[in-house]
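These notes are about the structure you will find just below.
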Amino acid sequence: MPELVPFSTALRERSSAAHSGSEHAGFMADLMKGEGTRDDYVALVAQHWFIYEALEATADRMKADPVAATFITEKLTRLPALEADLAFLIGDDWRERITPLPTTERYVARIREVGTVWPGGFVAHHYTRYLGDLSGGLFIGRLMARRFGFETNGIGFYLFGDIADPKAFKDVYREQLDAAPWDAAEQERIIDEVLVAYQFNTDLFADLAADKHAKSAVA
Ligand code: HEM
């Protein structure tokens with residue numbers, strides 16, 4: 001009998017190539033190497049605002065679903081931190097000055113589309129963003145702070161004040177993924193949706209790289 005791999009392990013293994021694609025996308029790699037500018041960083045924060053606005057509005061509705069609800073907690077909520085970051089980085093008129101890039105529009109449409117009708121698809125998008133934020137995200141936040149001289153203003157998105165131990169939190173999240181009542185076919189569909197979510201993130205980095213000169217994301 002082949003040994004049964006827990007769903008959370010299969011999900012991580014099957015998405016690890018897609019993760020590398022996102023992690024090593026030129027725009028992100030430049031920011032990590034110290035070759036991105038403060039404007040580049042601000043453009044990324046602006047796109048995050050549109051994505052988390054969709055994700056967290058969807059989470060609000062998904063609370064009614066018993067399976068999706070297991071994953072939803074205010075400890076993860078990022079929108080207020082993003083809004084404070086944007087006010088600090090751009091100014092109080094930040095909302096009039098930011099525009100979603102084409103990939104962000106498609107990403108947001110997908111979150112809203114699956115998020116309203118398909119709990120497993122919602123969890124796929126929730127997992128891809130928040131487990132990433134609690135992993136590499138913590139490191140990215142520290143690096144951006146050092147690079148651009150931020151203390152907490154400007155990188156609030158990366159500071160999870162209500163999660164003292166990210167590793168323990170992620171372990172529980174993975175246990176919840178393993179305990180969810182999804183059959184093999186549904187697990188496959190969720191893995192596919194995680195791959196779609198990674199592709200959006202990789203494509204967004206390509207949009208951000210292309211926008212460096214046009215600067216249409218932040219006026
Ligand atoms: C420079 C960029 C990035 C770095 C350095 C990075 C780094 C990492 C590291 C070290 C882990 C493993 C943590 C652990 O084992 O607990 C991780 C996990 C993860 N990352 Fe990233 N990451 C980056 C970008 C991204 C992006 C853009 C996404 C998607 C939006 C993402 C999503 C994830 C997810 C979902 C996990 C959890 C995988 C799992 O354990 O199931 N990461 N990342």
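We did not get these values from a lab; they are worked out from the coordinates using the rules stated. Being a predicted model, the structure only gives us computed values, none of them experimental. Cβ placement follows ideal geometry from the backbone for every residue including glycine, while neighbour counts extend to all protein chains displayed.
Determine the shape class of segment 7-95: with a ≥ b ≥ c the square roots of the Cα gyration tensor eigenvalues, call it rounded for a/c under 1.5, and otherwise prolate if a/b is greater than b/c, oblate otherwise. Oblate is the answer for segment 7-95, as a/c is 1.5 or above yet b/c matches or exceeds a/b. What is the angle, in °, between the Cα long axis of helix 166-179 and the longest principal axis of the Cα atoms in the chain? Nearest 10 is fine, range 0 to 90. Helix 166-179 sits at roughly 40 degrees to that axis. Shape verdict for segment 5-58, please, from the Cα gyration tensor: rounded (a/c under 1.5), prolate (a/b greater than b/c) or oblate. Oblate, since a/c reaches 1.5 and b/c is not below a/b. Averaging Cα coordinates gives a centre for segment 107-155 and one for segment 6-26; these two points are 15 Å apart.
Using a/c under 1.5 as the rounded threshold, could you call the chain rounded, prolate or oblate? The axes a ≥ b ≥ c are square roots of the C-alpha gyration tensor eigenvalues, and prolate needs a/b larger than b/c, oblate otherwise. Please report the intermediate quantities before stating the final value.
Numbers: a/c = 1.65, a/b = 1.61, b/c = 1.02.
Verdict is prolate for the chain.
Full extension of the chain between residue 147 and residue 73 yields a length gain of 23.5 nm, computed as 0.36 nm times the residue separation minus the alpha carbon distance.
What does the net charge come to around residue 49 if you take all other residues with beta carbon closer than 12 Å to its beta carbon, with K and R at +1 and D and E at -1?
Working: positive: 78, 95, 97; negative: 53, 56, 83, 85.
For residues surrounding residue 49, the net value is -1.
Subtracting the Cα-Cα distance of residue 106 and residue 219 from 0.36 nm times their residue separation leaves 38.6 nm of extension gain. Going from the residue with the fewest nearby Cβ atoms within 10 Å to the one with the most, 30, 93 rank 93, 30. Counting every other Cβ atom within 10 Å of each residue's Cβ, 186, 56, 175, 74 order from fewest to most as 74, 175, 186, 56.
Taking 0.36 nm per residue of separation and subtracting the Cα-Cα distance, what length does fully extending residue 24 through residue 95 add? Intermediate results must be reported in sequence, preceding the final value.
Values: separation 71, 0.36 × 71 = 25.56 nm, distance 2.95 nm.
Extra length available between residue 24 and residue 95 comes to 22.6 nm.
Over all other residues within a Cβ to Cβ distance under 12 Å of residue 157, the charged ones net out to -1, with Lys and Arg as +1 and Asp and Glu as -1. Rounded to the nearest 10 degrees, the inclination of helix 184-214 to the longest alpha-carbon principal axis of the chain is 10 degrees.
Taking every C-alpha pair closer than 8 Å and separated by at least 6 residues, the mean separation divided by the residue count of the chain gives a relative contact order of 37 percent.
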